[in-house]
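The values are calculated or read from the model by the stated rules, or taken from the named source; none is laboratory data. Computed from a prediction, not measured in an experiment: that's the story for all the values here. Cβ sites come from the backbone with ideal geometry, for glycine too, and all protein chains shown count toward neighbours.
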């Protein structure tokens, strides 16, 4: 996708300010409303941004590469996760290991001293799969493992509420 000069400049703002909100971009871009920001993002920068679990606007790795000119290792990922998701990333099977079921992950968490409920673990695993750092391997029951090496992840864990 070829970007106009304005779109490139606005994408650079997204990269610089991330994580950011519509209001912050509205002020930076001098537009009338957050809805106008959202419309611009969707129409001009759709391939280059996403919203995280807190609805904050973030640049994709492709956007960062386009703006900075630095080629990123596709396996290097920086993600924001919940406290439970951070704990799961510590215990879940690695990319070259047999994947873990939700129950096996729950037991590994409990062995590590985390008191979690199975539904919370299932939800957290699906959230990590949506972020692309855990892959779903369909067997008789869904199983999960990291999709990238642990050392390639920079994890920002939110404090428990």
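Side notes on the structure shown:
- Every residue from region 148-161 that is over 17 Å from residue 96 (Cβ atoms), outside any strand (DSSP E or B) and touching a residue at least 12 places away in the same chain (Cβ under 8 Å): 158, 159, 160
- Within region 67-98, tally of residues that are out of contact with any strand residue (DSSP E or B) (no Cβ under 9 Å at 6 or more places or on another chain), modelled with pLDDT under 90 and farther than 14 Å from residue 149 by Cβ: 5
- Residue list for region 8-23, restricted to those being within 23 Å of the chain's Cα centre (by Cα) and farther than 10 Å from residue 57 by Cα: 8, 10, 11, 12, 13, 16, 23
- Strands (runs of 3 or more DSSP E) enclosed by region 67-147 - at least 2 residues per element that are touching a residue at least 60 places away in the same chain (Cβ under 8 Å) and surrounded by fewer than 19 Cβ atoms within 10 Å (Cβ to Cβ): 77-81
- Boolean, residue 136 is closer than 25 Å to residue 55 by Cα and out of contact with any strand residue (DSSP E or B) (no Cβ under 8 Å at 6 or more places or on another chain): no
- Test: residue in region 38-58 that is assigned by TED's automatic domain parsing to the domain that holds residue 142, at pLDDT 90 or above, within 19 Å of residue 156 (Cα to Cα) and surrounded by 12 or more Cβ atoms within 10 Å (Cβ to Cβ): no
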